[in-house]
């Protein structure tokens, strides 16, 4: 019978382990640490993405202009709301101004020909409505309630000033009127 010889390599731990015996556990630890770092980075990235998405949504909600609406019985024109008193309702300048202030508005300021045309289209003929144009003191110029001067290229105020230091609007123009006279009025928000 022949004897077979079997050779085997036995690795015994010694004082100086070979580099090949150390590399496997070291690679496993490195791959575990690398995986943990990747997971942590992914978590941070997800949090950042969620925060950015929330910021984009919040900004888009805030940036979208809301459509303005007017209170009941008010008319919308070019982003402004207007309220017209009835022809038989009449107040002095001070009473009209106070009424509009209660409604968080003012007597109207006419800034351009479009505003003027709109107001003309809303008032009946031969009726004079109070607007926000007046003379603060004798010798001064016509000014709007916000303190700005009348643009004379837009229209001229008809009539003498003297005691007539408040303006009224009719279909055929703007007239000076006594501030204590009672007239219908318009409020603008």
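Mean separation of Cα pairs under 8 Å and 6 or more residues apart, divided by the residue count, gives region 28-145 a relative contact order of 13 percent.
For region 75-188, give me the percentage of DSSP beta bridges that are antiparallel, rounded to the nearest 5 percent.
In region 75-188, DSSP labels about 85 percent of beta bridges as antiparallel.
Protection proxy ranking for 50-58, 136-144, using the average of other Cβ atoms within 10 Å per residue and placing the highest first: 136-144, 50-58.
Over the Cα atoms of region 63-189, the radius of gyration divided by the Kirkwood radius equals 0.96; this is the Rg/Rh ratio.
Extending 7 Å from Cα along the Cβ direction at residue 118 and again at residue 78 yields two label points whose distance is 0.7 nm.
The stretch between residue 95 and residue 44 holds 12.0 nm of extra length on full extension. This uses 0.36 nm per residue minus the Cα-Cα distance.
Where a number appears in this text, it was derived from the coordinates with a stated rule and is not lab data. Keep in mind the model is a prediction, meaning the values are calculated, not measured. All Cβ positions, even for glycine, are placed from backbone atoms using ideal geometry, and neighbour counts span all protein chains on display.
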